[in-house]
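In what follows, a structure is listed as C-alpha cells, so that the remarks can point back to it.
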Amino acid sequence: MASMRDIKRRKGSIQSTQQITKAMKLVSTVKLQRAKGRAENAKPYFDAVYQTISSILSLTTGIEHPYITGNGSDDIGIVVITSNRGLAGGYNSNIVRMVRDSGLDPQKTHVYNVGKKGRDGLRRGGFDIVEDYSEAIESPAFADAYKIGSDVLRDYTEGKIGCVYLAYTRFKNTVVHEPRLLKLLPVEIPDEATWDDPETEKKEIGPVMNFEPNEEEALELIVPKYLNSLIYGALIEAIASENGARMQAMDSATNNAEEMISKLSLQYNRARQGAITQELTEIIAGANAIS
C-alpha cells in the first residue's frame, strides 16, 4: 500500500493537471463559439457554390476539358486538414486513419498538408508531403485557401497529379464531427445537392446549359473559384470541429481527474486512520508493558 506521502504527492499532481484541463476547456469553449458562428454563417455560401457547379455540370453534355475528363495522370493529390496541437481526442487521428484506410497508394499520393499533427502522422505512414501550410490553420483566411488551391491546380494542370481529394472534419454540431473525404478534381456530377450533406436528394434537371463565350473558358473561370471556396469552407469547419473536440476531451479529462482525486482522498484517509490506529496500539501496548 502506498504511503501517505506518495498519495498526497500524487493527489497534488492530479489537482494541478485538473486545473490545466479545466482552463483549456474554458479556452476551447470560447474559441468554439466564435468558430461555430463563423462556420454557420459561411455554410449557405459554400452550399450555394457547390449547388451551382453541380447544376451547371448536370445541364452540360459533351465538354472535353481536363477539369472534367482528367489529364491521364495516375498520381493523386490530397489536401489534408488537421490541427497544429493535440489534446483534442480523436480529431487528428481520425483524419489520418481515414486517409490511410482510403485505399490510396502512398507512393502515388501527394499530400498538400494543413496542420502539423496530420503531417507527422501521414509522414510516418509513408505519404509524400509536397507542401505544408500548417500556419494557415491558426487563423484561416480566404487568401490561404487561394494559395492552396492555386498550388493544387498548378500541379494538376502540369500533369503531376490526375485527381484531387479534400480530407477534413465536417462540423455538424458541438458534439458531432465527421471526417470526410471529398473528391474535387476531376469535377464530377454529384448525386447530392449540398457539398456537406451526402444524404440530400439531387434536384430536378432542367434545360441544357449554354455557355458564352464557350464551355472551356467558363470552366477555367468557375472551377478555380469552386475549388478555393470548398477548401476555405473546409478550413472553417475544421477549426470549429477542432475546438469542439478539444472541449469534449478536456471536459472528460477534468471529470476523470475529479474521480481520481476522490479515490486518492479516500485512500489517504484510510492510510491516515491506519497510521493513527497503529500509533494508539503501540502506545497502549507500551503502557501495558510498563504496568
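The values are calculated or read from the model by the stated rules, or taken from the named source; none is laboratory data. Not measured: the values here are computed from a predicted model. Note: ideal-geometry Cβ built from the backbone for every residue, glycine included; neighbour counts use all protein chains shown.
Here is how the numbers come out for the structure above:
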quantity	calculated
Residue that is farthest from the chain's Cα centre (by Cα) [pool: residues in the stretch 90-115 that are among the hydrophobic types (A, V, I, L, M, F, W, C) and in a strand (DSSP E or B)]	Val111
Matching entry among Lys31, Lys22 (being assigned to a helix (DSSP H, G or I) and crowded, with 17+ Cβ neighbours inside 10 Å)	Lys31
Residue in the stretch 97-113 that is crowded, with 20+ Cβ neighbours inside 10 Å, in contact with a Cys (Cβ under 7 Å, 6 or more places away or on another chain) and over 30 Å from Met247 (Cα atoms) present	no
Selected residue (criterion: surrounded by the fewest Cβ atoms within 10 Å (Cβ to Cβ)) from residues of the stretch 260-273 that are farther than 22 Å from Ser16 by Cα and in contact with a helix residue (DSSP H, G or I) (Cβ under 9 Å, 6 or more places away or on another chain)	Arg272
Residue in the stretch 261-276 that is in contact with a Phe, Trp or Tyr (Cβ under 9 Å, 6 or more places away or on another chain) and in a helix (DSSP H, G or I) present	no
Inter-residue pairs, beta-carbon under 8 Å, first under 14 Å from Asn256 (Cβ atoms) and at pLDDT below 95 and in the stretch 16-30, second assigned to a helix (DSSP H, G or I) and among the polar types (S, T, N, Q), 6+ apart	Gln18/Thr254; Thr21/Thr254; Lys22/Thr254; Lys25/Thr254
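Quick grid of which residues meet (1) in contact with a helix residue (DSSP H, G or I) (Cβ under 8 Å, 6 or more places away or on another chain); (2) assigned to a helix (DSSP H, G or I); (3) modelled with pLDDT under 90:
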site	(1), (2), (3)
Ala136	yes, yes, no
Asp144	yes, yes, no
Gly149	yes, yes, no
Arg154	no, yes, no
Ala167	yes, no, no
Thr200	no, no, yes
